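Asks: Questions regarding the structure given below will be posed in turn.
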Amino acid sequence: MKRFTLLLFAWLPLLEAKAQEASLPLDSAMAYARRHYPLLKQQQVTDEVTALQLRNIRTGYLPQVELGGKATYQSEVVSIPIKLPNVNIPTLPKDQYNVELNVRQTIWDGGATAGQRDVQLAQQQAEKQKVEVELYRLQQQVMQTYFNALLWDENIHARKQQLAEVKQRLEKVQAGVQNGAVLASQANILEAERLRTEQQLDEAYTGKRTALQILSLLTGKDIPETTRLQLPPAPATNDATLQRPELQLYRLQSDVLQQQSKLTGTRSLPKISAFVNGGYGRPGLNVLDNRFDFYYIGGLRFSWTLWNWRYNRNEQAILRQQEKSVEAQSETFALQTRSQLLQQSAEIANLSDALKKDKEIVALRRSVREVSAAQVDNGAATVHDYLTDLHAETQAVIAEKTHAVQWVYASMYYQFIKGF
């Protein structure tokens, strides 16, 4: 007995894990789908690209080194048109050669480098938010597929109850046929109904199987048909504050345009840099010396664009117009979203009212079906009348379960429209 208890405790965690695998809540399905979605990798790619771009931008603060050279031949050179006794005035060669190493260090660039960095960081956030928008749409697809599977599940349960009822009634009628108390045609009608119900049950199984296959594809998990789906609790729908990722994307796109406008403004600011040029060639700095020689020159360079035909101002005006366009898109999206919320609120109210009457309808239909079944047993009603009442009860049960699932979905879809 003690050994059996130890084995039981050893297997208990495995049994619990298997039980957990047999259940798939909606939030778990959404989490699996997010991690499995290939587009999620784009956020990591965006971070890596931005890191490389920032590394390149930071090189603007580092010394820039260039190596260059040239060899030229010119038809005429500078000469001194005088002759002095006992003085040999050298003549410049027409072929000239030099190799130079130029080093330039930015001292002040008007904030251009910092502006480029800010633009890249803003673009990084905007690109990552685009992925979040797509992932949000993926959540909607997962939610729709999950609730579709729940609806098929409820249909399966209702059809199973209907099939059990038909089989039970068929056994009683067949017994009556054998005793000669009931016509064989009555049993044939029930047999046909059994086959039709099994056909409807197979269709429901196929529908659920297809929904689970889609969930498996979206989540990257193997979801067998025996997996238990859980109807989540309906969230409250009082809060109408919009928190959609699209609105955040519009804000980030506007921020990118603002940073680009600031960067454009740095083009008209003065820029200061230090430089050192060293070289070897003929002639050197002394143009009257025909020998190859080393030379260098260093100093400060100052530049300030005083007039560029209002190019910077026009660029900033274009960016402001683009920012207004993004703002208009954001306002339009918010308006359409609030309109959807009003429509969804009406849908929730309609489903809530339908649910209040569904239970009463099911109870009445069940009572009618039970009376009809008793009348069939007593020979006071035909099987056709009984099946009519049975269909009405089954449809009422399916309608009740469907409205219950649709009400939860409508409440959750309200949250989806609003933004989690």
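The values are calculated or read from the model by the stated rules, or taken from the named source; none is laboratory data. Note that this is a predicted model, so its numbers are computed, not measured. Every residue, glycine among them, receives a Cβ derived from its backbone with ideal geometry; neighbour counts consider all protein chains shown. When the accessible area is computed, the model is the full protein with side chains, heavy atoms only, and any ligands, DNA or RNA have been set aside. Shrake-Rupley method; radii C 1.70, N 1.55, O 1.52, S 1.80 Å.
Asks: Is at least one residue of the range 107-128 loosely packed, with under 14 Cβ neighbours inside 10 Å and under 30 Å from Pro270 (Cα atoms)?
Replies: Taking the range 107-128 as the starting set, the residues that turn out to be loosely packed, with under 14 Cβ neighbours inside 10 Å are 107-108.
If we keep only those that are under 30 Å from Pro270 (Cα atoms) too, we end up with 107-108.
For the range 107-128, residues loosely packed, with under 14 Cβ neighbours inside 10 Å and under 30 Å from Pro270 (Cα atoms): present.
Asks: Identify, from the list Val99, Val78, the residue that is farther than 30 Å from Leu249 by Cα, open to solvent by 30 Å² or more (accessible area, probe 1.4 Å) and modelled with pLDDT under 90. Steps first, please.
Replies: Numbers: Val99 fails: modelled with pLDDT under 90.
Going through Val99, Val78 in turn, the sole match is Val78.
Asks: How about the range 133-173: which of its residues are under 30 Å from Asp47 (Cβ atoms), of a type outside the set (S, T, N, Q) and open to solvent by 50 Å² or more (accessible area, probe 1.4 Å)? Break it down stepwise before answering.
Replies: Pass one, the range 133-173, residues under 30 Å from Asp47 (Cβ atoms): 133-143.
Now narrow it down to the ones that are of a type outside the set (S, T, N, Q): 133-138, 142-143.
Passing the criteria: Glu134, Arg137.
Asks: Moving on to the next point. Being open to solvent by 80 Å² or more (accessible area, probe 1.4 Å) and either within 30 Å of Asn277 (Cβ to Cβ) or of a type in the set (D, E, K, R) (or both) is the filter here, so list the residues in the range 299-315 that pass it.
Replies: Leu300, Arg301, Phe302, Trp304, Leu306, Trp307, Arg310, Arg313
Asks: Collect the residues in the range 368-417 that are open to solvent by less than 50 Å² (accessible area, probe 1.4 Å) and over 30 Å from Pro233 (Cβ atoms), keeping them in residue-number order.
Replies: Of everything in the range 368-417, those that are open to solvent by less than 50 Å² (accessible area, probe 1.4 Å) and over 30 Å from Pro233 (Cβ atoms) turn out to be Arg369, Ser372, Ala373, Ala374, Val376, Ala381, Val383, Tyr386, Leu387, Asp389, Leu390, Ala392.
Asks: Could you tell me whether any residue of the range 259-277 is modelled with pLDDT under 90, touching a helix residue (DSSP H, G or I) at 6+ places or on another chain (Cβ under 7 Å), in a loop (DSSP other than H, G, I, E, B) and not hydrophobic (A, V, I, L, M, F, W, C)?
Replies: no
Asks: Name the pairs whose Cβ atoms lie under 9 Å apart, with the first residue in the range 321-338 and at pLDDT 95 or above, the second loosely packed, with under 13 Cβ neighbours inside 10 Å and not in a helix (DSSP H, G or I), and 6 or more positions between them or separate chains?
Replies: The qualifying pairs do not exist here.
Listed here are the residues, each with its yes/no results for (1) within 35 Å of the chain's Cα centre (by Cα); (2) of a type in the set (Ser, Thr, Tyr).
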| position | (1), (2) |
| --- | --- |
| Ser345 | yes, yes |
| Ile348 | yes, no |
| Arg366 | no, no |
| Asp377 | no, no |
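Asks: Looking only at the range 55-80, which residues are farther than 18 Å from Ala274 by Cα, in a loop (DSSP other than H, G, I, E, B) and not aliphatic (A, V, I, L, M)? Steps first, answer last, please.
Replies: Let us first name the residues in the range 55-80 that are farther than 18 Å from Ala274 by Cα, namely 55-57, 68-80.
In the following step, the residues that additionally are in a loop (DSSP other than H, G, I, E, B) were identified as 74-80.
Matches in the range 55-80: Gln74, Ser75, Glu76, Ser79.
Asks: (1) in contact (Cβ under 8 Å) with a residue 24 or more places away in the chain; (2) outside any loop (DSSP other than H, G, I, E, B); (3) open to solvent by 20 Å² or more (accessible area, probe 1.4 Å): which one isn't true of Pro90, the others all being true?
Replies: Result: Pro90 passes all but (2).
Asks: Specify which of the listed residues (Ala114, Ala149) is small (Gly, Ala, Ser), out of contact with any strand residue (DSSP E or B) (no Cβ under 7 Å at 6 or more places or on another chain) and in a helix (DSSP H, G or I). I'd like the intermediate steps shown before the answer.
Replies: Values: Ala149 fails: out of contact with any strand residue (DSSP E or B) (no Cβ under 7 Å at 6 or more places or on another chain).
None of the others qualify; the one that does is Ala114.
Asks: Same structure again: Under 9 Å between Cβ atoms, at least 6 apart or on separate chains: pull out the pairs that start in the range 238-249 with a residue that is free of Cβ contacts under 8 Å to residues at least 24 places away in the same chain and end on any residue that is hydrophobic (A, V, I, L, M, F, W, C) and open to solvent by less than 70 Å² (accessible area, probe 1.4 Å).
Replies: none
Asks: Inspect all residues belonging to the range 299-320 and state whether any of them is out of contact with any Lys or Arg (no Cβ under 9 Å at 6 or more places or on another chain) and assigned to a strand (DSSP E or B).
Replies: Yes: the range 299-320 contains one or more residues that are out of contact with any Lys or Arg (no Cβ under 9 Å at 6 or more places or on another chain) and assigned to a strand (DSSP E or B).
Asks: Out of Ile214, Ile189, I need the residue that is open to solvent by less than 80 Å² (accessible area, probe 1.4 Å) and touching a His at 6+ places or on another chain (Cβ under 8 Å). Which one?
Replies: None of the other options fit; the residue is Ile189.
Asks: From (1) within 26 Å of Gly115 (Cβ to Cβ); (2) open to solvent by 30 Å² or more (accessible area, probe 1.4 Å); (3) not charged (D, E, K, R), pick out the condition that doesn't hold for Thr266.
Replies: (2)
Asks: Also, quick follow-up: Given the conditions (1) in contact with a strand residue (DSSP E or B) (Cβ under 7 Å, 6 or more places away or on another chain); (2) in a helix (DSSP H, G or I), which single one is not true for Leu217?
Replies: (1)
Asks: Among Asp202, Asp222, which is in a loop (DSSP other than H, G, I, E, B) and of a type in the set (D, E, K, R)?
Replies: Of the residues listed, the single one that is in a loop (DSSP other than H, G, I, E, B) and of a type in the set (D, E, K, R) is Asp222.
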